[in-house]
Amino acid sequence: MSETTSSNEENKLPLNGRRAIPPNYSNDEENEVPEMEAFGLIPRGFNPRDYLRVVDIYMFKDPHEINKQEHHTDKYYNPKLIVRRGQAFQIQIYFNRPYKPETDQFWLEFLMGRYPQQNKGTYIPIVVGNVLKPGQWGAKIIHRENNSIQLSIMSSSTCIIGKFRLYVAVLTPFGILRTRRNSATDTYILFNPWCQLDAVYLDDEKEREEYVLNDVGVVFHGNVEDIKSRSWSYGQFEENILDACLFLMDKAELELSGRGNPIKICRVASAVINSRDDDGVIAGSWNNMYDNGVAPSAWTGSVDILLEYYSSKQPVRYGQCWVFAGVFNTFLRCLGIPARLITNYSSAHDNNANLRLDFFLDEEGKVDTRLTKDSVWNYHCWNEAWMTRPDLPVGFGGWQVVDGTPQETSDGMYRCGPASVQAIKHGHVCFQFDAPFVYAEVNSDIFYTRMEKNGTQVIENIDTSRVGQLIVTKEVGGDGMKDITEEYKFREGSDEERLALETAVMYGVKKQSVQDTTYQPQTDIDMDFQAQKAVLGNDFKVTITFRNKSRNSYTATTYLSGNIVFYTGVTKREFKKHSFSAKLEPSSSSSFDVVIKSSEYMSDLLEQASFHFFVTARINETGKILAVQKAVMLEIPTLRIKTKGELVAGKEASVIVEFTNSLKQTLENVTLRLEGPGVLRTIKKQFGRIPMNSTLTWEVKFFPMRPGLRKLIASLNSDALRHVYGELNVQIQKP
């Protein structure tokens, strides 16, 4: 194929001695393709009109037509042809006269990028044959009528993902005649979980409908004792989202030839989803200050974020883990990679992957926040993507952990995965990518260590069961929760669990064995901590219970420390200190209540209304320390959503969002957001203030776009109160 480059483009693209062609990163850039590619001198009498000529190409690209129906792409809000690889699709070509197979010769050309090359998979010539081979490029005529022919075209099951340009080339004695550049025939090719030869093949239809085609999901948050959930609009089929997702691969500078490989795509996407080190999609912020941006809790879905990034090319502010995971899920499902959003409750963020989180106590047994650097996140969200792993031994394909939240660098960039869930469960953390980090997130132990004056450390308590005690995702076909902890770890204390740990240690995960330390816990007394259901703005009580199983009498000097924390477990400030002496009678239980007043916590409360309580008790007779920590979430008021009248696609309808301020204070700077994929684009409205005990009502008129069961999602954000959500399932009728 001939190339013509003008001199200013040559200045832009310095060629080096290593490669003949500059890197090919952009799906958007094009080369000029000649309409007449002459073989030599063209004789004077030559008239292209004397030869077979293409008059029109019909792509069967409407949502109700055969291609989008058979390829499960009819939901994409995109006028062009979208097909999945490794599966046949049809086009019709109209010529200026009937096609004569004996003498006429034509072929198809699919091109991608600025420098199409056949060996890179970016220039694909397809000659018409008699038979289609599964999973290989080919074309055959399935119908001829007058001047037209209908073709069935098979794409390769390993072909690169993205937008191809289509040309039809006709051979004449003097050169090749090509159709003119026509963007209406551009063809998007995506991954195909329905095709057995595709690396992302998933064999269960209900799972494909959930993990590829469902455009709404559920994020589980809160903490393990008080699980909360909210809906998230993935919106992978909305207008311009497919182009925005392809742009992310350009931004990550993933060579076009690597874009057929889901492992590579996940790895570069986990870096480009966050803005650290590559100006990626979302800037993270965990400090409760969200000037010049949107608070992470205010987003209701991925669409606004991706479209803003696609148009501004600047990181969108701000995100936290569920926002990174929500946008990553949209990206994966949009390209056809089955994906789901995961929540790990009590997730260890351990800076040196030694499977040990250290909480330091001072001499009296109180937690020393100055020395304690590790933290347990109430929850952390990541994603799983489904694919084969030909780069690993057999058995490690299937779900892979990918994480777009910037936590630690991997090969010099903030990214994580893909790491095989199977490898994490069995402790085979030697297999790429980042398995030791994920293993630590779900398997670390918490050490309570007392620092003595002379600098020696005494381990007072070890909690082996708190971290990673519950790992969940949304169930298939419903909004409920599915417990997948057993996919990541064997049962606590089982032989298999011990073997998996020994394997992980053998492969380099650092673990200090308890035998190396002089650790002798107090075993004849149990201490438990419970909090009453607490509503934001109200007082509540917490209860500390001791069970003395021995025949001795003991006294316990007990410290309770209440901290307002970020959901990452990092303390903002200690708001409650309380100490008391407890008498523990032999063979009996005793409980002690502590009242937490709203006036103690309201002024400093953070957006997820989350507290962290440490309770330490020193048994005076033995000098031993008991320790327990617990996260407590407050109940936050919710939004109510209702619709008026009948909902019919294309007809005006009305939705009402209501909120009652039950707090003992006025809410300032209130913003409401409302969206629903396939129903309405995000609408925002600002309200100055909502006085205490008053109700805000917001009515929105809209035209539902598509019939079917849909979801409306709303959020409220204000200076003093965030993480307020409401949702409603709506059935939209056909007109």
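The values are calculated or read from the model by the stated rules, or taken from the named source; none is laboratory data. This structure is a prediction, so every number in the text was calculated from the model and none was measured. Glycine gets a Cβ as well: all are built from the backbone with ideal geometry, and neighbour counts include every protein chain shown. Remember, those area values only see protein heavy atoms, side chains included, never the ligands or the DNA or RNA. Shrake-Rupley method; radii C 1.70, N 1.55, O 1.52, S 1.80 Å.
Run the dipole for the chain about the Cα centre, Lys and Arg Cβ at +1, Asp and Glu Cβ at -1, nothing else charged, and hand back the magnitude in debye, nearest 20. Please report the intermediate quantities before stating the final value.
Working: 84 positive and 91 negative charges, 247 e Å.
The dipole magnitude comes to about 1180 debye.
Loop-located trypsin sites (Lys or Arg not before Pro) in region 387-464 (DSSP state other than H, G, I, E, B) with a sparse environment of at most 12 neighbouring Cβ atoms within 10 Å: 453.
When the solvent-accessible area of the chain is split by element, carbon and sulfur atoms take up 48 percent of it, the probe being 1.4 Å. To the nearest 0.05, what FRET efficiency results for residue 142 and residue 479 with a Förster distance of 35 Å applied to their C-beta separation? Given R0 = 35 Å and the Cβ-Cβ separation, E is 0.20. Simple spin-label estimate for residue 648 and residue 64 gives 1.7 nm between the two label positions (7 Å along the Cα-to-Cβ direction from each Cα).
Computed on the chain, with alpha-carbon pairs under 8 angstrom and 6+ residues apart, the relative contact order is 9 percent.
Taking a quarter of the surface of the Cα convex hull of the chain, what do you get in nm²?
Values: hull surface 155.9 nm².
If you wrap the Cα atoms of the chain in a convex hull and average its projections, you get 39.0 nm².
Taking 0.36 nm per residue of sequence separation and removing the Cα-Cα distance, the residue 700/residue 21 pair yields an extension gain of 239.1 nm. The residues of region 36-190 expose on average 46 square angstrom of accessible surface per residue, using a 1.4 Å probe on protein heavy atoms.
Rounded to the nearest 500, the helix-only mean residue ellipticity at 222 nm of the chain stands at -3500 deg cm²/dmol, with each DSSP H run of n ≥ 4 adding -39,500 (n - 2.57). Inter-label distance, residue 44 to residue 507: 7.7 nm, where each label sits 7 Å from its Cα along the C-beta direction.
Antiparallel as a % of all DSSP beta bridges within the chain, to the nearest 5? Percent antiparallel among DSSP bridges in the chain is about 90.
Over region 525-633, calculate the relative contact order: mean separation of alpha carbon pairs under 8 Å at least 6 apart, over the residue count, as a percent.
Values: 247 pairs, mean separation 34.8, N = 109.
It comes to 32 percent, rounded to a whole number.
Axis of helix 262-272 versus longest Cα principal axis of the chain: the two differ by about 60°, to the nearest ten degrees. The long axis of helix 303-312 is offset from the longest Cα principal axis of the chain by roughly 60 degrees. Potential lengthening of the chain between residue 391 and residue 74 amounts to 110.8 nm, from the contour at 0.36 nm per residue minus the alpha-carbon distance. Label separation (residue 592 vs residue 292): 5.0 nm, computed from points 7 Å beyond Cα along the C-beta direction. Label point of residue 662 set 7 angstrom out along Cα-Cβ; within region 586-603, amide nitrogens under 19 Å from it belong to 596-603.
Quick check: from the Cα gyration tensor, does region 435-532 come out rounded (a/c under 1.5), prolate or oblate? Oblate, since a/c reaches 1.5 and b/c is not below a/b.
Look at the alpha carbon pairs under 8 Å that are at least 6 residues apart: their mean separation over the length of region 36-190 gives a relative contact order of 28 percent. Compared with the dominant principal axis of the Cα atoms in the chain, helix 241-251 is inclined by about 80°.
With θ taken as phi - 60° and the Karplus curve 6.51 cos²θ - 1.76 cosθ + 1.60 applied, the whole-hertz 3J(HN,Hα) list for region 540-551 is 8, 10, 10, 10, 10, 10, 10, 10, 8, 8, 9, 9 Hz, x standing for glycine and proline. Extension gain, residue 693-residue 32: 0.36 nm per intervening residue step, less the Cα-Cα distance, totals 231.3 nm. Taking a straight line from the alpha carbon of residue 583, these lysines sit under 25 Å away, with near neighbours fewer than eight places off in the same chain left out: 366, 541, 549, 624, 630.
Listed values for region 639-645 are Karplus-derived 3J(HN,Hα) couplings in whole Hz (6.51 cos²θ - 1.76 cosθ + 1.60, θ = phi - 60°), namely 8, 10, 10, 9, 10, 10, x, and x replaces Gly and Pro. Pairs of Lys residues in region 640-732 are counted when their Cα atoms are under 30 angstrom apart and they lie 8 or more places apart or on different chains; the count is 21.
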